[in-house]
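Below is one structure, written out as structure tokens; comments come after it.
FYI, it's all coordinate maths here, none of it is from the lab. Computed from a prediction, not measured in an experiment: that's the story for all the values here. Cβ atoms come from the backbone with ideal geometry, glycine included; neighbour counts cover every protein chain shown.
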Amino acid sequence: MARKTRFIFITGGVLSSLGKGLAAASLGAVLKARGLAVTIQKLDPYLNIDPGTLNPFQHGEVFVTDDGVESDLDLGHYERYLDLSLSRINTTTAGRIYESVLNRERRGEYGGGTVQVIPHITDEIKRSILSIGQGEDAPDVALVEIGGTVGDIEGLPFLEAIRQLRAELGRDNCLNIHLSYVPYISAAGEYKTKPTQHSTKALLSIGIQPDIILCRCEKPLPVELKNKIALFCNVDKDAVFTSVDVKNIYEVPLKFYEEGLDIKVAMLLQLPARHADLSGWRKLMSDFEESSKRSITIAIIGKYVELKESYKSLHEALVHAGTANLTTLNLRYVNAEEITPDNVDTLLKGCQGILVPGGFGYRGVEGKIEAIRFAREKRIPFFGICLGMQCAVIEFARHVAGLAHANSQEFSQQNDQNVIHLMTEWYDYRKKNIEVRDENSALGGTLRLGAYPCHLRPGTLADKAYKQADIFERHRHRFEFNNMFRDILTEKGLVISGTSPDDVLVEIVELADHPWFLGCQFHPEFKSRPMRPHPLFNAFVKASIQCGYSVSESS
Ligand code: GLN
């Protein structure tokens with residue numbers, strides 16, 4: 001029999017960037033540690049159909065799921081904390097909700113009736129929420145994070161939808177958690193609860209009484225203050241919790257557990273009372289501690305170096321691999337545009353590993369190529385991801401294979417040395433080999449999105465890292481390795497270590513005569529987990545640590 005799914009709605013108040021996604025994911029992690037089946041969903045009130053085309057400056061990274069959905073970085077937190085592979089149903093935006101209502105209207109499904117925000121938009125939102133709690137393997141608990149801040153005009157239909165759902169599903173099956181901010185005013189030497197009271201009132205005014213108030217604050221709140229918040233926000237005294245600033249984001253599940261947040265949630269929703277087993281998270285924290293004893297420096301050569309959020313998963317994947325190897329990674333973000341042949345050795349001096357991540361557009365590409373040349377010639381471990389792999393192929397073609405004009409079609413149209421190009425056969429290829437995931441969606445566009453199989457060649461770095469012949473990795477790119485140059489490049493020493501199972505698409509390249517040099521067309525960072533670092537990141541970090549040893553030995 002299908003299980004009855006309980007829904008936990010998480011709203012945010014006072015200001016944005018309080019870490020609602022992290023809080024939701026962390027609560028999910030503790031509930032999962034209690035042996036419950038947990039899923040999670042993000043509802044974003046903005047009107048974009050998906051965040052794929054949003055500027056990383058505004059929005060952080062675009063996270064890609066196995067089924068090729070482009071989503072925002074909160075889905076990455078969810079996957080990492082809950083160790084789940086999420087899909088289309090786990091994320092939606094107001095844009096997508098409106099799109100489906102309007103499509104329905106065009107098809108005449110409303111029979112000429114007036115189409116309105118209430119009930120049509122709210123019904124569509126409810127449908128979307130309920131879809132994650134259905135089916136044979138319905139989870140015990142579904143966490144639903146409402147993006148934005150209470151009081152935003154765009155957020156209203158979403159709040160109305162969760163208000164209605166609670167009335168429909170029953171009080172015992174739904175829970176409202178409100179994440180608020182309790183600032184510490186140092187001039188007065190006190191915490192201030194007024195903003196929390198106000199945002200709770202804003203929720204109450206639209207009919208939502210929070211059951212739990214989660215206070216984001218610098219330090220744990222004194223009991224009297226929690227009692228005051230409970231009194232004025234109309235919740236139980238034991239229903240006010242804190243989400244304190246932590247040094248390490250993976251500490252949050254442990255902090256929630258210490259305060260008993262999961263017990264309160266379990267009581268309110270009448271969930272089985274098993275104790276949470278957080279030994280994995282504790283081990284992670286002690287490994288972090290241990291990691292502080294030694295460190296290496298990894299240079300990340302990118303375009304959006306000022307904005308770390310746009311490399312979120314990459315950053316986390318490196319942290320996971322560093323921790324697993326009990327080493328702190330000092331990440332030195334280097335602006336690719338600043339790198340020239342004259343300053344590359346100064347800028348990259350003292351790095352034990354060099355990583356060129358994915359990206360779009362020509363800006364900074366020549367600098368990336370210069371950094372790759374430096375890594376290849378100086379035998380420093382190199383890891384190229386997506387555009388980073390494409391740049392590695394260009395670098396090799398230019399400087400080793402004698403194709404002086406080698407480039408990517410993304411940056412040079414009329415060029416007979418485009419070693420990276422748009423596969424004209426791509427559409428036919430898709431039709432023949434890949435089930436088309438959703439004919440009507442933007443996935444029908446030119447980007448290769450989502451997980452694709454890759455077959456590894458025995459004896460290569462990739463094979464040694466993965467220790468298995470067939471893998472699935474997530475893609476998000478338009479251009480591909482140009483097979484016309486396969487022979488020329490491999491004859492000169494480029495190793496093609498991973499391809500699509502039919503050998504048509506080149507997915508991984510590497511160098512044999514180098515400590516560790518590998519570029520992959522996919523984004524391995526999306527599948528790294530805190531307790532299960534990604535094999536390629538792990539191998540790259542191991543090689544970099546090795547390189548660090550030789551540096552200190554020789555100095
Ligand atoms: N711009 C390149 C392409 O479209 C690489 C994309 C990426 O790095 N994600 O193929």
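Descriptive notes on the structure:
- Vicinal HN-Hα couplings computed from phi for the range 331-340 (Karplus, 6.51 cos²θ - 1.76 cosθ + 1.60; Hz; Gly/Pro x): 9, 9, 7, 10, 6, 4, 5, 8, 7, 10
- Rg/Rg_ref, the range 228-375, where Rg_ref = 2.2 N^0.38 Å and atoms are Cα: 1.48
- Here, the chain is characterised by an Rg to Rh ratio of 1.00, where Rg is the alpha-carbon radius of gyration and Rh the Kirkwood radius.
- Selected from ALA404, LEU231, PHE256, residue furthest toward positive end of dipole (the chain; charges at beta carbon): LEU231
- Residues with amide H under 5 Å from that of ILE40, placed H, sequence gap 5 or more: LEU143
- Charge dipole of the chain about the Cα centre (unit charges at C-beta), most positive-ward option of GLN41, TYR452, TRP516: GLN41
- Compactness of the range 477-519, taken as the C-alpha radius of gyration over 2.2 N^0.38 Å, stands at 1.15.
- Amide H to amide H, with H built 1.01 Å from N, ARG529 comes under 5 Å of HIS534, counting only residues 5 or more places away or on other chains.
- Candidates per GluC sites (Glu not before Pro) in the range 303-408, loop by DSSP, up to 16 other Cβ within 10 Å: GLU306
- Residue pairs exceeding 30 angstrom between C-alpha atoms, taken from LYS226/LYS312; LYS255/LYS467; LYS20/LYS303: LYS226/LYS312; LYS255/LYS467.
- Across the options ALA321, GLY108, ALA94, the greatest Cα extent toward the positive end of the charge dipole of the chain (unit charges at beta carbon of Lys, Arg, Asp, Glu) belongs to ALA321.
- Cα-based shape type of the range 277-329, given that a ≥ b ≥ c are square roots of the gyration tensor eigenvalues and the cut on a/c is 1.5: oblate
- Quarter of Cα convex hull surface for the range 1-129, i.e. mean projection, nm²: 10.2
- Residues whose amide H falls under 5 Å from that of VAL14, counting only those 5 or more places apart or on a different chain, are VAL150, with hydrogens built in the peptide plane.
- The charge dipole of the chain, taken about its Cα centre with unit charges on the Cβ of Lys, Arg, Asp and Glu (plus for the first two, minus for the last two), comes to roughly 1120 debye.
- Gyration tensor verdict on the range 141-260 (Cα atoms; rounded if a/c is under 1.5, prolate if a/b is larger than b/c, oblate otherwise): prolate
- Per-residue [θ]222 nm for the chain (sum of -39500 (n - 2.57) over DSSP H runs n ≥ 4, rounded to 500): -11000 deg cm²/dmol
- When each full DSSP H helix of the chain is screened for a Cα extent of at least 27 Å along its own axis and an average Kyte-Doolittle hydropathy of at least -0.5, the helices passing are 535-554.
- Point-charge dipole on Cβ atoms (K/R +1, D/E -1) for the range 145-208, about Cα centre, debye to 20: 260
- Share, in percent, of DSSP beta bridges within the chain that are antiparallel, nearest 5: 35
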